[in-house]
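Structure first, commentary second.
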Amino acid sequence: MTEHDEARPRAGWPLYEVFVRGKRGLNHVHVGSLHAADDQMALRHARDVYTRRNEGVSIWVVRSAAIVASSPDEKDSFFEPSGDKVYRHPTFYDIPDDVPHM
Amino acid sequence: MASVFEQTIARNERIEPRDEMPDAYRATLVRQIAQHAHSEIIGMQPEGNWISRAPSLRRKLVLLAKVQDEAGHGLYLYSAAETLGVSRDELDEMLRTGRQKYSSIFNYPTLTYADVGTIGWLVDGAAICNQVPLCRTSYGPYGRAMIRICKEESFHQRQGYELLMTMMGGTDAQRAMVQESVDRFWWPALMMFGPPDDDSPNTAQSMAWGIKRNTNDELRQKFVDMTVPQAKALGVTLPDPDLVWNEERGAHDFGQPDWEEFWQVVKGNGPCNAQRLAHRRRAHDEGAWVREAASAYAARSQHD
């Protein structure tokens, strides 16, 4: 990397995805993204942008490029295996109404 | 046969970033979300003008928090726009070079401190009218950004109205200042909903795609009906001689803004267009050393 490249503002700042735990007992949930020069800056910016009103007790940031996602193009084939397994749901089983606590 | 995209829209389900979508749908969204984001960023300026002159520490804290929110809203929206395959730097550059627009309302000056209150009440009030239906827009990331924004806008509107109520309880000079401010902002606030439906060629397609949920005139009517009782409670007059309750329609009749003025401001000839862009460019240039320092620090930390 040349000095010139280094000085070019923001051109290389990676995109981070931000996940916030709203309160104890809940999962981290995706809330949006931001650009930052490094991980620590991403975390601080995430706090300023996404938790100005006590929306979170914990934040994860992860480089967007590091996320592996299923493709919407293969939606059908990818999720197809669970489509015909109705016996995985409790409603598949008939139990008489007068049997309690089922 | 209808495409997967068309079927998803017909089921009133959301389109997500990696779904296939028509090029025109993507382009419309980029234009609309970017314009919206730019409006939040430029929207910091008229009110920022009064931070150093706020009349008390309480008012200054409130104003700082509000202007900071506008920055946050801009960032939520840039984040949504980026999921469509444009980069933030690209969008920022389009704003600075005037190739993408922002809401014309921010090309009007804030001449008195009462304008801080009027912007909260009328400008943010109009924005809320526009934005609440957008929480149900067909593009997922845009709708989610709008939900966050709408939650925060309510604070903006209420702080403005409370500010005006306080001034209306003050001296005659303060009351006159509020009325003068409302007189200046009423028509530009009505223009925020865009041109009349007959003159808004993109509305039909945007509604068919579920990007827009209401027409410009519908939202303008809703805003007028909401605002009239608020003006009455505040004790100000809205500067429209044609504004009258229509029993038959169950809504207010009202006059039309000066659409010639609207188009002039859109074209760049409003009172503050040049000033707003010059300020944005200057802020960008003066912040360059911060961005460069952060990049250099990050590069050095990686090498260590």
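The values are calculated or read from the model by the stated rules, or taken from the named source; none is laboratory data. From a predicted model like this one, the values you see are computed outputs, not experimental measurements. FYI the Cβ positions are ideal-geometry reconstructions off the backbone, even for glycines, and counts take in every protein chain you see. Side chains are part of the model used for accessible areas, which takes the heavy atoms of the whole protein and leaves out ligands, DNA and RNA. Shrake-Rupley method; radii C 1.70, N 1.55, O 1.52, S 1.80 Å.
Observations, loosely collected:
- Helix A:39-50 vs. chain A, principal-axis angle (Cα, 0 to 90°, nearest 10): 70
- Chains A and B together, accessible area buried on both sides, 1.4 angstrom probe, square angstrom: 2100
- Of all accessible heavy-atom area on region A:3-71, the percent that carbon and sulfur account for (1.4 Å): 51
- Low-density loop positions, trypsin sites (Lys or Arg not before Pro), region B:72-102 - DSSP coil, at most 14 other Cβ in 10 Å: B:R99
- For region B:12-89 and region B:183-199, distance of Cα centres in Å: 21
- Solvent accessible area, Å² - B:F185, 1.4 Å probe, full protein context: 10
- Accessible solvent surface per residue of the protein assembly as shown, calculated while the other protein chains remain in place, 1.4 angstrom probe, Å²: 54
- Nonlocal Lys pairs with alpha-carbon distance under 19 Å, chain B (8 or more apart, or different chains): 5
- Complex-versus-alone comparison for region A:53-102, residues with a loss of 50 Å² or more in accessible area, probe 1.4 Å: A:R53, A:P72
- With both labels modelled 7 Å from their Cα along Cα-to-Cβ, the B:D217 to B:E6 distance reads 2.9 nm.
- In loop segments of region B:192-284 as defined by DSSP, the trypsin sites (Lys or Arg not before Pro) with at most 13 further C-beta atoms inside 10 Å of their C-beta are B:R249.
- For chain B, size of Cβ-based charge dipole, Lys and Arg +1, Asp and Glu -1, in debye: 940
- Estimated distance in nm for a label pair at A:L26 and A:L43, the labels positioned 7 Å out from Cα along Cα-to-Cβ: 2.2
- Whole-number percent relative contact order across chain A, with pairs defined as alpha carbons under 8 Å at least 6 apart: 25
- Between the alpha-carbon centres of region B:112-164 and region B:241-260 there is a gap of 23 Å.
- For region A:59-102, applying the loop criterion from DSSP together with a ceiling of 12 other beta carbons within 10 Å to the trypsin sites (Lys or Arg not before Pro) yields A:K85.
- Peptides B:63-74, B:167-178, B:33-44, ordered by how many other C-beta atoms sit within 10 Å of their residues on average, highest first, read B:33-44, B:63-74, B:167-178.
- Selection from A:A65, A:V31, A:V86, by position along the positive dipole direction of chain A (Cβ): A:V31
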